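Asks: Shown below is the structure under consideration.
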Amino acid sequence: MAPARVAAVVPCKDEADRIAATVQAVAALTGVGRVVVVDDGSTDDTSRVAREAGADVVRHERNRGKAAALETGIAHLRALEGDAGEEPAALLFVDGDLQDTAANLGVLADAVLAGEAAMTIATLPAQITAGGGRGLVVRLARDGIERLTGFRPVQPLSGMRCLSPQAATAAAPLARGWGVETALTVDVLRAGLTVLEVPCELQHRVSGADWRGQLHRAAQYRDVWLALVRRGWRPWHRA
Ligand SMILES: Nc1nc2c(ncn2[C@@H]2O[C@H](COP(=O)(O)OP(=O)(O)O)[C@@H](O)[C@H]2O)c(=O)[nH]1
Ligand SMILES: [Mg+2]
């Protein structure tokens with residue numbers, strides 16, 4: 001059996017209904033030796049359910065955003081390395097709401113472990129439950145990334161990513177909040193590393209068109225915008 005060289009970090013909030021299936025699917029992926037769930041101030045049972053599903057669980061008492069949750073997960077892994085283990089050969093970031101479709105994420109780590117890319121990003125098929133349209137945020141991220149790097153991603157906001165240690169170093173510190181994916185792509189490419197989008201059969205909960213969904217997208221837009229501006233993008237510079 002191949003050594004367990006991949007460590008997964010699952011940032012989430014209020015995923016008690018989905019996190020067990022997600023954790024189990026990720027833990028069963030070839031090469032995955034550890035699954036760290038970062039419960040970002042959930043008000044439901046996410047922590048307990050994730051622990052019972054076999055994950056290491058780190059909890060933020062207060063909600064601090066997705067990027068902070070990823071940083072906490074990485075810090076947890078570093079602390080473990082200090083204690084005993086060796087550095088993982090790849091870091092896998094997984095959203096908490098994929099449930100058993102997370103079993104299809106193996107290709108992300110395979111490509112990184114094979115040295116085909118420093119960072120792989122899952123692209124998702126059309127979702128069974130249609131979403132409330134966040135085309136505006138997607139376009140902002142896609143155009144901004146292209147302006148800054150020349151690379152035009154199909155799904156710039158996809159949270160399912162696998163990073164080599166070099167990519168993880170290039171991406172540190174992570175951009176805040178929902179800007180984290182956009183910034184990851186820019187920073188890894190700017191370090192001269194290779195980024196690859198890989199289609200994966202994933203289904204997640206899509207934010208709706210209700211006020212919660214709109215609020216989510218407004219926050220996403222703000223964070224993506226900030227991440228791009230901090231990396232030198234200027235909205236008035238048109239292609
Ligand atoms: N750390 C953290 N993760 C969150 C937060 N809100 C949502 N998430 C997680 O981020 C991922 C994507 O969120 P989701 O609500 O599905 O948004 P969407 O996929 O962009 O429509 C899921 O794993 C959520 O559990 C939050 O406030 N903090
Ligand atoms: Mg989702």
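Asks: Only one of these conditions is not met by A4: (1) modelled with pLDDT of 95 or more; (2) more than 13 Å from ligand 1 (Cβ to nearest atom). Which number is it?
Replies: (1)
Asks: Where residues in the range 178-212 are touching a Pro at 6+ places or on another chain (Cβ under 7 Å) and within 16 Å of ligand 2 (Cβ to nearest atom), which of them is farthest from W233 (Cα to Cα)?
Replies: Top of the filtered list is E201.
Asks: Got a number for residues in the range 95-115 being in contact (Cβ under 8 Å) with a residue 60 or more places away in the chain and outside any helix (DSSP H, G or I)?
Replies: 4
Asks: Mind checking whether some residue in the range 113-124 is open to solvent by 10 Å² or more (accessible area, probe 1.4 Å) and within 13 Å of ligand 1 (Cβ to nearest atom)?
Replies: Checking the range 113-124: at least one residue is open to solvent by 10 Å² or more (accessible area, probe 1.4 Å) and within 13 Å of ligand 1 (Cβ to nearest atom).
Asks: Does the range 80-97 contain any residue that is within 30 Å of Q214 (Cα to Cα) and open to solvent by 40 Å² or more (accessible area, probe 1.4 Å)?
Replies: No - not one qualifying residue is present in the range 80-97.
Asks: Whether any residue in the range 37-48 is under 17 Å from the mean Cα position of the chain (by Cα), away from ligand 1 (no atom under 12 Å from the Cβ) and hydroxyl-bearing (S, T, Y) is what I want to check.
Replies: No, there is no match, as no residue in the range 37-48 is under 17 Å from the mean Cα position of the chain (by Cα), away from ligand 1 (no atom under 12 Å from the Cβ) and hydroxyl-bearing (S, T, Y).
Asks: Right, next: Exactly one of these conditions fails for H60: (1) at pLDDT 95 or above; (2) surrounded by fewer than 18 Cβ atoms within 10 Å (Cβ to Cβ); (3) away from ligand 1 (no atom under 12 Å from the Cβ). Give me its number.
Replies: Only one criterion is unmet by H60, namely (3).
Asks: Next question, about the same structure. Across the range 22-49, what is the number of residues that are touching a residue at least 40 places away in the same chain (Cβ under 8 Å) and crowded, with 17+ Cβ neighbours inside 10 Å?
Replies: 11
The values are calculated or read from the model by the stated rules, or taken from the named source; none is laboratory data. Because the structure is predicted, anything quoted here is derived from the model rather than measured. Positions of Cβ are generated from backbone atoms using ideal geometry, with glycine treated the same way; all protein chains shown enter the neighbour counts. Each accessible area value is taken on the protein alone, full model and side chains, heavy atoms only, with ligands, DNA and RNA left out. Shrake-Rupley method; radii C 1.70, N 1.55, O 1.52, S 1.80 Å.
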